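Participant: Below is one structure. I have some questions about it.
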Amino acid sequence: MSYIDGFVIAVPTANKQKFIAHARTFDTVFLEYGATRVIEGWGDDVPDGKVTDFRKAVKATAEETVAFSWVEWPDKATRDAGMKKMMEDPRMDPANPGNDPMPFDGKRMIFGGFEPVVELKK
């Protein structure tokens, strides 16, 4: 069965194209290290909740858009090995000269790994 990493971030709306360019570069590394699919979603219909919501979770301001992303892996072992390689890859280090800075505040990103328990397909 597969394994999924999910990410929610607040991106300055003015940085949408920078975010897309960053994702196109960064996401290819996920694929290089074993991911089978990467999806980057730009918030389009993200309502404010009464108790909590995506915007509150990442402390998004009025000038930011919530992005929701996920990475699909064939299994957790491939994900663990791939993520270890990514953390060691100099292309992922924002302090490395020549690497573009992240177009969002990574400190407010929420993320986690998930084992699918229900999957329906048509």
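Participant: By the scheme Lys and Arg +1, Asp and Glu -1, what is the net charge of all other residues having a beta-carbon under 15 Å from that of ARG108?
Facilitator: On the way: positive: ARG55, LYS56, LYS59, LYS107; negative: ASP53, GLU63, GLU64, ASP105.
Here the charged neighbours net out to 0.
Participant: Within region 3-114, what whole-number % of the accessible surface is contributed by carbon and sulfur, with the 1.4 Å probe and all protein chains included in the calculation? Spell out each step's value before the answer.
Facilitator: On the way: 4160 of 7040 Å².
The value for region 3-114 is 59 percent carbon and sulfur by accessible area.
Participant: Another question, if that's okay. Per residue, how much accessible area does the chain show when a 1.4 Å probe rolls over the protein heavy atoms, in square angstrom? Don't skip to the end; give the middle numbers.
Facilitator: Details: 8290 Å² over 122 residues.
Computed with neighbouring chains in place, this is 68 Å² per residue.
Participant: Now, a different point. What does the highest-first list of 96-106, 64-74 look like by mean Cβ count within 10 Å?
Facilitator: Numbers: 96-106: 12.4, 64-74: 19.5.
By packing density, highest mean first, the sequence is 64-74, 96-106.
Participant: Let a ≥ b ≥ c be the square roots of the eigenvalues of the Cα gyration tensor of region 3-114; is it rounded (a/c under 1.5), or, if not, prolate (a/b larger than b/c) or oblate?
Facilitator: Numbers: a/c = 2.11, a/b = 1.37, b/c = 1.54.
In terms of gyration-tensor shape, oblate.
The values are calculated or read from the model by the stated rules, or taken from the named source; none is laboratory data. Being a predicted model, the structure only gives us computed values, none of them experimental. Ideal geometry is used to build each Cβ from the backbone, glycine not excepted, and the neighbour counts take in all protein chains shown. SASA here: full protein model, heavy atoms, side chains in, ligands and nucleic acids out. Shrake-Rupley method; radii C 1.70, N 1.55, O 1.52, S 1.80 Å.
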